[in-house]
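Before any comments, here is the structure.
The values are calculated or read from the model by the stated rules, or taken from the named source; none is laboratory data. Because the structure is a prediction, the values reported are computed rather than measured. All Cβ positions, glycine included, derive from the backbone under ideal geometry; neighbour counts span all protein chains shown. For accessibility, only protein heavy atoms count, side chains too; no ligands or nucleic acids. Shrake-Rupley method; radii C 1.70, N 1.55, O 1.52, S 1.80 Å.
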Amino acid sequence: MADNRTIIQYFEWYVSGNHVLWKKCIAQASRLAEFGITDVWLPPAFKVGFMEDNVGYAVYDLYDLGEFNQKGCDKTKYGSREEYQEAVRSFQKNGISVLADTVLNHRVGADGFEDASAVYVDPYNRMAVQSSPVTISAPTVFNFPGRAGVYSDFKWNHRHFTGVDWDNYTRQTGHIYRFADKQWAQDVDREYGNYDFLMGADVDVQSPEVREELLRWGRWYLDFTGVDGFRMDAVKHISAGFIKDWLREMREYKKACLPAVGEYWSGDVNALLDYLNRVDYCMSLFDVPLHFNIREMSYAEGNYNMADILNNTLLQRCPDHAVTFIDNHDSQPGQSLESFVNVWMKQVAYALILLHKDGVPCIFYGDLYGIPCTRNIPIPRLRTMVRVRHDYAYGEQHDYMDHCDVVGWTREGDAEHPDSGLALLLSDKRPGSKRMYVGRHFAGRRFKDCLRKIREDVVIDEEGCGEFTVQGFSAAVWVTEEAYENLIIHED
């Protein structure tokens, strides 16, 4: 993988459903590479179960990538199978690795119902059984008639699931049924007593038949699409042991490292650290605690202690396995995990994650292109900051996390990037300044704010220090005069 990796999540919840996203990927791949994107996380490419315009997480058929007439359409929301494969190739031709969104937890949109014995469990404590076994009509028949056995002839029934959230006899909502002869996986998150069940028909990864089918699908998917790695959805709801085994098998099959990042949605850094330990650190995780810290700061009206912004985050506690982010499709307005960062804070937040020496940052499609339906505009100079990370964020970092309102750090450059020094200041309230060390080898050199907030240059003194400033509620990113001129040439 490239130095100073930067991932882009190349979709948002409300992105156009007119089968155009894969075409946009093909058209924009070279442009993304130009300003420093090294990895792209693409949305789930599978056929969904209940509506053509679904984002992709309500999985119906993992083998249908927009090829078969199922659920009322051939293409998925994003386009055809051929366009998806071409999008993957386009990114790779431009040096960008592709992470496939992988959804193994559940199925939705069954082709039929079948009688099965089940017990009703308390939705708020899934270990508490609230009925004796009853016969329900379960949505667990998945025959995929439109695909007719192409790629796989595996057919799903209730033996392959642990539970469902629908009984077609009673047709009542809000219930969770566990099949009487099944048990929830135990190595999952303990929210609601046991968080194995998330939605739809819950896949039983403890079943030997299911495990083998999911391994067979993974090998097929790697060969068929050529993707470079995985974004693993909803890992807190799936057996940690299974995820660890599945990734090991995929890597052994391809004889490659196959990078993976998991979504474990919890603000408790200890829960994330415990999960990483249980899976033997076989993946990175999104730094949800940092996201919540940033969001809290963004609504604190200047009353947040900036010196604490990295406390109790993966970036602080386990930086080698931290993928940092500001927002994503689940946190954006109107979604189930809505926790959108206040817009004024976005540029400050991106400067933080993009220019820190640790973690792998992931930028959000909605912040790069805007979100029309909620009237969110693109974040100014986001491309510039990605390019600064790619070209100039190297070498030893000197931290100045010593003030409640103004914090920052500097980077010295390294042997391969001797002229790539930078200085960063962030403010959540008032203007401020700091004398910061960037390196004696920059003595006499001029530094400029590439975010174009501060007009005056900073000249580095003989000790390698400069007096850097930042406006209130703002960020300033200082680079050498030469780097600044190069950034202007390649401006957004």
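Below, the figures for the structure above:
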| item | result |
| --- | --- |
| Radius 13 Å from Cβ of Tyr120, net charge of other residues (Lys, Arg +1; Asp, Glu -1) | -1 |
| Segment 36-168 pair-distance distribution - Cα-Cα, 10 Å bins, rounded % | 12, 34, 29, 17, 7, 1 |
| Filter on Lys77/Lys255; Lys93/Lys255; Lys346/Lys453; Lys23/Lys75 - keep pairs with C-alpha separation over 24 Å | Lys77/Lys255 |
| With Cα atoms, 0 to 90° folded angle of helix 382-392 axis to the chain main axis | 70 |
| Cβ-defined net charge surrounding Met199, 10 Å radius [Lys, Arg +1; Asp, Glu -1] | -1 |
| Solvent-accessible heavy-atom area per residue, rounded to whole Å², over segment 320-393 at 1.4 Å | 30 |
| Label of the coordinate-derived value, Cα Rg over 2.2 N^0.38 Å, listed as (1) 1.05; (2) 0.93; (3) 0.98 | (1) |
| Over segment 310-449, equivalent-ellipsoid semi-axes from the Cα gyration tensor in Å | 28, 16, 16 |
| Principal-axis tilt of helix 208-225 within the chain, Cα atoms, nearest 10 degrees | 50 |
| Where chymotrypsin sites (Phe, Trp or Tyr not before Pro) fall in DSSP loop in segment 102-174, at most 13 other Cβ within 10 Å | Tyr124, Tyr169 |
| Apportionment of accessible area to carbon and sulfur, the chain, percent (1.4 Å) | 47 |
| Segment 365-399: trypsin sites (Lys or Arg not before Pro) falling in loop per DSSP and having at most 12 other Cβ within 10 Å | Arg375 |
| Helix axis angle, 81-93 relative to the chain longest principal axis, alpha carbon, degrees | 30 |
| Estimated [θ] at 222 nm from DSSP helical runs (n ≥ 4, -39500 (n - 2.57)) normalised by residues in the chain, nearest 500 | -7500 deg cm²/dmol |
| Computed label-point distance, nm, for sites Glu396 and His490 using a 7 Å Cα→Cβ extension | 2.7 |
| DSSP-loop trypsin sites (Lys or Arg not before Pro) across segment 210-292, with at most 15 other Cβ within 10 angstrom | Lys255 |
| Å² per residue, accessible surface of segment 37-80 at 1.4 Å | 23 |
| Per residue value of the accessible surface for segment 244-299 (all protein chains in place, 1.4 Å probe), Å² | 40 |
| Sum of side-chain charges, Ile353 neighbourhood, beta-carbon under 14 Å (Lys, Arg +1; Asp, Glu -1) | +1 |
